[in-house]
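Peer 1: Handing you this structure, nothing more for now.
The values are calculated or read from the model by the stated rules, or taken from the named source; none is laboratory data. Note that the structure is a prediction, hence the values are computed from the model and not measured. Cβ coordinates were reconstructed from backbone atoms using ideal geometry, including for glycine residues, and neighbour counts include every protein chain displayed. These area figures cover heavy atoms from the full protein model, side chains too; ligands, DNA and RNA do not enter into them. Shrake-Rupley method; radii C 1.70, N 1.55, O 1.52, S 1.80 Å.
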Amino acid sequence: MASGRYRVDLSALDEVVKKLNGVISDLGDAKSDSKYKTYLPPGALGESVAGATFVEAEKLHVAHAEMKTHLEDIVEHIHDLMDDFGTKTKKTHGAYQDQEADVTKSMQGGE
């Protein structure tokens, strides 16, 4: 390779896009799981009865709800990050592919 020249491996970029799509697919599962499969109904950890308040159960339920929301937010953020990175990778791949086609056309005498 000549000094100052770079070569982009388009097949490697293709592979990155495929892997990112796999991560995004897996995150879709995590997203729905964190939202729908982590539900803890009120009273599941115990209930207050007449004359006695089960404060700890209520605190645990509130802590669970807060953690559930936090996990949903984290998964959403990671999903958005991967989607953004995937979109940028696809655009970069397309730009390099276009440039390669332009160079090939130019070398064949086309305009």
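Peer 1: Any chance you could run the full-extension gain for Lys59 through Ala101? It's 0.36 nm times the residue separation minus the Cα-Cα distance, nm to one decimal.
Peer 2: Taking 0.36 nm per residue and subtracting the Cα distance, the gain is 8.8 nm.
Peer 1: Still on this model: Could you give the accessible area per residue of segment 8-111, probe 1.4 Å, as a whole number in Å²?
Peer 2: Accessible area per residue, segment 8-111: 74 Å².
Peer 1: Still on this structure: Among all the aspartates and glutamates, which ones have a C-alpha under 20 Å from Lys91's C-alpha, if same-chain residues fewer than 8 places away are not counted?
Peer 2: Asp9, Asp14, Glu15, Asp80, Asp83, Glu100, Asp102
Peer 1: All other residues with a Cβ under 13 Å from the Cβ of Leu45 taken together, and with Lys, Arg as +1 and Asp, Glu as -1, what is their net charge?
Peer 2: Neighbour charge sum, excluding Leu45 itself: -2.
Peer 1: Under 8 Å for C-alpha pairs, at least 6 residues apart: give me the relative contact order for the chain, rounded to a whole percent.
Peer 2: Normalised by residue count, the contact order of the chain is 40 percent.
Peer 1: Heavy atoms only, probe 1.4 Å: what % of the accessible area of the chain goes to carbon and sulfur, would you let me know?
Peer 2: Ligands and nucleic acids excluded, carbon and sulfur reach 57 percent.
Peer 1: May I pose another question? Do any chymotrypsin sites (Phe, Trp or Tyr not before Pro) in segment 14-93 lie in a loop, going by DSSP, with at most 12 other beta-carbon atoms within 10 Å of their beta carbon, and if so which?
Peer 2: Of the chymotrypsin sites (Phe, Trp or Tyr not before Pro), the ones in loops of segment 14-93 whose Cβ has at most 12 other Cβ atoms within 10 Å are Tyr39.
Peer 1: Can you list residues from other chains, or at least 5 along the same chain, whose modelled amide H is less than 5 Å from the amide H of Phe54?
Peer 2: So Phe54 has HN proximity to Ser48, Val49.
Peer 1: Let me ask another. Roughly how many debye, to the nearest 20, is the charge dipole of the chain about its Cα centre, given +1 on each Lys and Arg Cβ, -1 on each Asp and Glu Cβ, and no other charges?
Peer 2: 300 debye
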